[in-house]
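What follows draws every value from the coordinates through simple rules; no lab data is involved. As the structure is a computational prediction, the values presented were derived from the model and not from experiment. Virtual Cβ from ideal backbone geometry, glycine too; neighbours counted across all protein chains shown.
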Amino acid sequence: AQSVTQPDIHITVSEGASLELRCNYSYGATPYLFWYVQSPGQGLQLLLKYFSGDTLVQGIKGFEAEFKRSQSSFNLRKPSVHWSDAAEYFCAVAETDSWGKLQFGAGTQVVVTP
Amino acid sequence: ETGVTQSPTHLIKTRGQQVTLRCSSQSGHNTVSWYQQALGQGPQFIFQYYREEENGRGNFPPRFSGLQFPNYSSELNVNALELDDSALYLCASSLNHNEQFFGPGTRLTVL
């Protein structure tokens, strides 16, 4: 069965420290891959996406993600976290012919401490 | 440019009742997708409408139904509400299956 796994439910990071959020997927073929962020009272905002090509993808707000086919992973990173990065982060996948039908992971809650 | 809007913001219903949630697409968008996000979980795909026709459905029972209007706004209807229907309902619009833009959601509580 197709699945998206975010192993970390909750991560606490100090402001200025680096952040890495993990995402693993199980699909028949390489799907489209996405990272979204959700702040309280806000809708989901797309941080970045991977369709094909360069496996290191740059997104908004200083985030990047690396696609590793051999590990079926698409981990999100940020070199230096700001207090405003505190939010919930979701990895999502979609089949290549229907990327409007997203399958989301359970999310990782990021807390930023001073 | 107006983003995706949803109404109402919050709603409280009792078991067995029916509810209608509304979504106004971003200007120029012709595709709407609906998602259910239970507390502590990621959003789950309910269905998608493209140019007023249903274009894919997730694993939800028939009591979840929808409509898309000629102006591409959309409704999600849920009949015979159950306690487990309590969730945040998200609408997302896009142009021809491209990047989706999400609304802030409607928080439904079923008592």
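Suppose the filter is in contact (Cβ under 8 Å) with a residue 60 or more places away in the chain and at the interface with chain A (Cβ under 10 Å from one of its Cβ atoms); does B:N96 pass it?
In short, yes.
Tell me which strands (runs of 3 or more DSSP E) are completely within region B:14-98 and hold 1 or more residues being over 20 Å from A:L46 (Cβ atoms), or say none if there are none.
Correct list: B:19-24, B:44-50, B:53-57, B:64-68, B:74-78, B:87-94.
Out of all the residues in region A:53-68, which are surrounded by fewer than 12 Cβ atoms within 10 Å (Cβ to Cβ) and touching a residue at least 12 places away in the same chain (Cβ under 8 Å)?
Scanning region A:53-68 gives A:I60, A:K68.
Identify all residues within region A:3-39 that are among the polar types (S, T, N, Q) and surrounded by fewer than 19 Cβ atoms within 10 Å (Cβ to Cβ); write none if there are none.
Residues satisfying the conditions are A:S3, A:T5, A:T12, A:S14, A:S18, A:N24, A:S26, A:T30, A:S39.
In region A:62-86, what count of residues is obtained for those that are over 29 Å from A:A29 (Cβ atoms) and either among the aliphatic types (A, V, I, L, M) or out of contact with any Ser or Thr (no Cβ under 8 Å at 6 or more places or on another chain) (or both)?
The qualifying residues number 6.
Of all residues in region B:99-110, count the ones that are more than 7 Å from every other protein chain (Cβ to nearest Cβ) and assigned to a loop (DSSP other than H, G, I, E, B).
0
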